Amino acid sequence: MTVTVTWEQASARRLRRQFLTGPAPAGTPVAEVAGALLGAHAQVLSAAELSLGVRTGSATRADVRAALWEERTLVKTYGPRGTVHLLPAAELPFWTAALTAIPSGASPFAPDVRLTDAQADEVVAAIGDALDGATLTLDELNEEVVARTGPWAGDLVMPAFQDLWPRWRQVMHRAGQSGALCFGPDRARRATYTRPPDFVPLTPDEALATLVRRYLRAYGPADARHFAKWTAAPGGWADGLFAELAGAGEIEEVAFEGERAWVEAGDTDFPESPESAVRGVRLLPYFDAYGIAAQPRERLFPGAAYERALARGQAGNYPVLLVDGVVAGVWHQRRRGRRTTVTVEPLGRLTARQERELGERAARVGEVMEARAELAIGKVAVGPHA
């Protein structure tokens, strides 16, 4: 008999597995927390620091930076959707093999800007060679790549942020996803790049199966199109992958809110009384993995939240307030010295208990950022990703 799962049951299990119903057990390394999220989005490093910190009882941004630059248990690199993430270094064998096995869509660049497949491979190899045992700024890496490939790689033809970048940079994310590149610590406020620790990647088939199982364990039940959206993969390809894994008995069908969905095989234990697990308020930063990956999006962002907390349907551009497991507001913080003002804009009326809990959540945001937080409830005037 097919297991039936409600939205509340799925939310309760996701929140628990994301360390959002309670912090990770004391002593849990921040790299392990990042693994549970399937990576913390780190285009803005402070957002990743908050994503990891608010899921623990005591970790601060200093702990995240120590894991990155001293312990090297975390790696800042290009992850799902070609965006910058913090990934556990121990998981690079499966991440790199899986990400490079996901087919990409058509190039967004004009034909005279694009790299051929052979040129792209040459650039990725050149990046890896240049960074072997070295830490380079972008300008230094540009010189090394052009020297190893040819002047064509340095042609300023790639449109980006009202500027033109050298041709080779259109596959920079691919170099990160393949393990040829990761970020190093900033040098005088300039980003640097190096190579991650040595590892042996899994086979593509094994890695893709691992990624699907891990995704379903963290964010299931979900269907192939949800997975395709999360990975920026073609929908038809994801359909075929899920069918293959279902045929091999690696994933299992369930009925999720009346729709066909999937979980990892055997992972069908959901809370019978989920209401207490989802109850409460939580603050999630920009591009938090939960807000991006949990589907269906219209259930996570109900009613007015769909318009207020999304940017043209895209999740992540606003830090969000969760109330009882769904998005019910947005928030913003403004730091001045050792103080940070956390302004929260609820979309509905909060109870006295919820306001008290919100104060605790705001205080925890301050602790993670090593500042003293002051809570203000009112309109958030800044736009997305401000």
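I'd like the full set of residues that are among the charged types (D, E, K, R) and farther than 12 Å from residue 227 by Cβ, limited to the range 191-217.
195, 198, 205, 206, 217
Would the range 297-319 turn up any residue that is assigned to a loop (DSSP other than H, G, I, E, B) and more than 21 Å from the chain's Cα centre (by Cα)? Spell out the reasoning first.
At the first step, the residues of the range 297-319 found to be assigned to a loop (DSSP other than H, G, I, E, B) are 301-303, 309-310, 312-313, 315-319.
Adding the requirement that they be more than 21 Å from the chain's Cα centre (by Cα) leaves 302-303.
Yes: one or more hits.
For the range 37-79, give me each residue that is surrounded by fewer than 18 Cβ atoms within 10 Å (Cβ to Cβ), among the hydrophobic types (A, V, I, L, M, F, W, C) and modelled with pLDDT of 95 or more.
62, 66, 69
From the set of residues in the range 227-244 that are in a helix (DSSP H, G or I) and in contact with a Gly (Cβ under 9 Å, 6 or more places away or on another chain), which is farthest from residue 316 (Cα to Cα)?
228
Which residues, taken from the range 347-369, are assigned to a helix (DSSP H, G or I), in contact (Cβ under 8 Å) with a residue 60 or more places away in the chain and over 17 Å from residue 326 (Cα atoms)?
Residues satisfying the conditions are 362, 364, 365, 367, 368.
What's the number of the only condition in (1) surrounded by fewer than 17 Cβ atoms within 10 Å (Cβ to Cβ); (2) more than 30 Å from residue 290 (Cβ to Cβ); (3) in contact with a helix residue (DSSP H, G or I) (Cβ under 7 Å, 6 or more places away or on another chain) that residue 143 fails to meet?
(3)
State yes or no: is residue 216 in contact with a strand residue (DSSP E or B) (Cβ under 8 Å, 6 or more places away or on another chain) and modelled with pLDDT of 95 or more?
On the way: in contact with a strand residue (DSSP E or B) (Cβ under 8 Å, 6 or more places away or on another chain): yes; modelled with pLDDT of 95 or more: yes.
Here the answer is yes, as residue 216 does meet what is asked.
In the range 283-296, which residue that is of a type in the set (A, V, I, L, M, F, W, C) and assigned to a helix (DSSP H, G or I) is nearest to residue 41 (Cα to Cα)?
Checked the range 283-296; the qualifying residue nearest to residue 41 (Cα to Cα) is 289.
Hey, does the range 334-346 have a residue that's part of a helix (DSSP H, G or I) and free of Cβ contacts under 8 Å to residues at least 24 places away in the same chain?
no
Does the range 261-282 contain any residue that is closer than 30 Å to residue 45 by Cβ, buried (at least 21 other Cβ atoms within 10 Å of the Cβ) and modelled with pLDDT of 95 or more?
yes
Which numbered condition trips up residue 255, out of (1) within 29 Å of residue 45 (Cα to Cα); (2) part of a strand (DSSP E or B); (3) not acidic (Asp, Glu)?
Looking at each condition in turn, residue 255 falls short on (1).
When you go through (1) out of contact with any Phe, Trp or Tyr (no Cβ under 7 Å at 6 or more places or on another chain); (2) in the same structural domain as residue 288 (by TED's automatic domain parsing) one by one for residue 327, which number turns out not to apply?
Answer for residue 327: the failing condition is (1).
Being of a type in the set (Gly, Ala, Ser) and either in a helix (DSSP H, G or I) or surrounded by 18 or more Cβ atoms within 10 Å (Cβ to Cβ) (or both) is the requirement here; does residue 126 meet it?
Yes, satisfied.
Among the residues of the range 96-123, write down those that are buried (at least 16 other Cβ atoms within 10 Å of the Cβ), without any contact (Cβ under 8 Å) to a residue 60 or more places away in the chain and in a helix (DSSP H, G or I).
119, 120, 122, 123
Could you check how many residues of the range 16-30 are in contact (Cβ under 8 Å) with a residue 40 or more places away in the chain and surrounded by fewer than 23 Cβ atoms within 10 Å (Cβ to Cβ)?
Residues in the range 16-30 being in contact (Cβ under 8 Å) with a residue 40 or more places away in the chain and surrounded by fewer than 23 Cβ atoms within 10 Å (Cβ to Cβ): 5 in total.
Residue-by-condition table, conditions (1) closer than 26 Å to residue 51 by Cβ; (2) surrounded by 15 or more Cβ atoms within 10 Å (Cβ to Cβ):
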{"position": "85", "(1), (2)": "yes, yes"}
{"position": "90", "(1), (2)": "yes, yes"}
{"position": "153", "(1), (2)": "no, yes"}
{"position": "156", "(1), (2)": "no, no"}
{"position": "165", "(1), (2)": "no, yes"}
{"position": "178", "(1), (2)": "yes, yes"}
{"position": "185", "(1), (2)": "yes, no"}
{"position": "194", "(1), (2)": "yes, yes"}
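The values are calculated or read from the model by the stated rules, or taken from the named source; none is laboratory data. These numbers were taken from a predicted model, which means no experiment stands behind them. Here the Cβ is made from the backbone with ideal geometry for all residues, glycine too, and neighbour counts use every protein chain on show.
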